[in-house]
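Only one structure is covered here, and it is reproduced in the block below.
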Amino acid sequence: SLTMGSKTLTLAELKAANYQVTLPIGVTDSINSVGFGVTLGEGLTYVDLEASVKKATCLAATNDAGNFVFAPFAYATVPLKAVSGQIAEIKVKVSESAKPGDTFTLSIDGKDSDGVETSYKNGETGETGVPGSGAGTITIVEDPTEPTTEATTAAPTATPVAATTTTAKVATPTKPAKSTSSPKTGDALPVAGVAVAVAVIGGVALVAKKRK
């Protein structure tokens, strides 16, 4: 059978290639000769077709409309040896109005421009037959988008507040009033008769009573 390759590319890649795309043409059988026709879908125009196998010949001709290409392929080495896989490649131009999402089709079969079937031949084995058909596509996709970088806003830094230290004031002890009368022995000292001494040692207040 005859095969036609496919390709997917971005619109930027298509423009960079001047809207020209090359696709491989192949066979699944081992052959020495075959005639094939390629029908170009809407939006495609023919540019070139040539053999991919060294020492092979592949002379292409287009119809008046330019949307059909016929090419007889022949490979005759000494000693004779058949080939398979890719045998040729076709270059087409895609419409410059192409946009992402568009797909263009190329079909291939063993017929000439009049629809007459051709045949393939394996010179080593003598096998012949009518080649099967195939198709390929050119698909245009969106150009990859650049990742969006979001600006990161740093959280505001808190301004340290100076700690306020409040120093507690130590109350100044009041001097006791002097007694005008002498206490009798055994009598309790009146509160006013107690001498109070306040000393602050390590933050501890010590109170000493005056002995009788």
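In order along the stretch 48-57, the phi-based Karplus estimate (6.51 cos²θ - 1.76 cosθ + 1.60, θ = phi - 60°) of 3J(HN,Hα) comes to 6, 8, 8, 6, 9, 9, 4, 6, 8, 10 Hz; Gly and Pro are listed as x. Here the stretch 129-145 and the stretch 1-74 have alpha carbon centers that stand 11 Å from each other. Between residue 7 and residue 97, the FRET efficiency from the beta-carbon distance, with R0 = 25 Å, is close to 0.85. With R₀ fixed at 22 Å, the C-beta to C-beta distance from residue 45 to residue 16 puts the FRET efficiency at about 0.75.
Over the stretch 86-145, the pair-distance histogram of Cα-Cα distances with 10 Å bins from zero comes to 15, 35, 27, 15, 8, 0 percent, rounded to whole numbers. Prolate is the label for the stretch 41-132, because the ratio a/c of its alpha-carbon gyration tensor axes (a ≥ b ≥ c) is 1.5 or higher and a/b is greater than b/c. Taken over the Cα atoms of the stretch 1-73, the convex hull encloses 106 Å³ per residue. So which trypsin sites (Lys or Arg not before Pro) in the stretch 45-115 are both in a DSSP loop and have at most 15 other Cβ atoms within 10 Å of their Cβ? Answer by residue number: 54, 55, 81. What's the local net charge at residue 23, with K and R +1, D and E -1, over the other residues with C-beta under 15 Å away? So the surrounding residues net to -1. Sorting 36, 70 by solvent-accessible area of protein heavy atoms yields 70, 36, largest first, with a 1.4 Å probe.
Remark: the stretch 7-88 carries 51 Å² of accessible area per residue (probe radius 1.4 Å; ligands, DNA and RNA excluded).
The values are calculated or read from the model by the stated rules, or taken from the named source; none is laboratory data. Since the model is a prediction, treat every value here as computed from it, not as a measurement. Ideal geometry is used to build each Cβ from the backbone, glycine not excepted, and the neighbour counts take in all protein chains shown. SASA here: full protein model, heavy atoms, side chains in, ligands and nucleic acids out. Shrake-Rupley method; radii C 1.70, N 1.55, O 1.52, S 1.80 Å.
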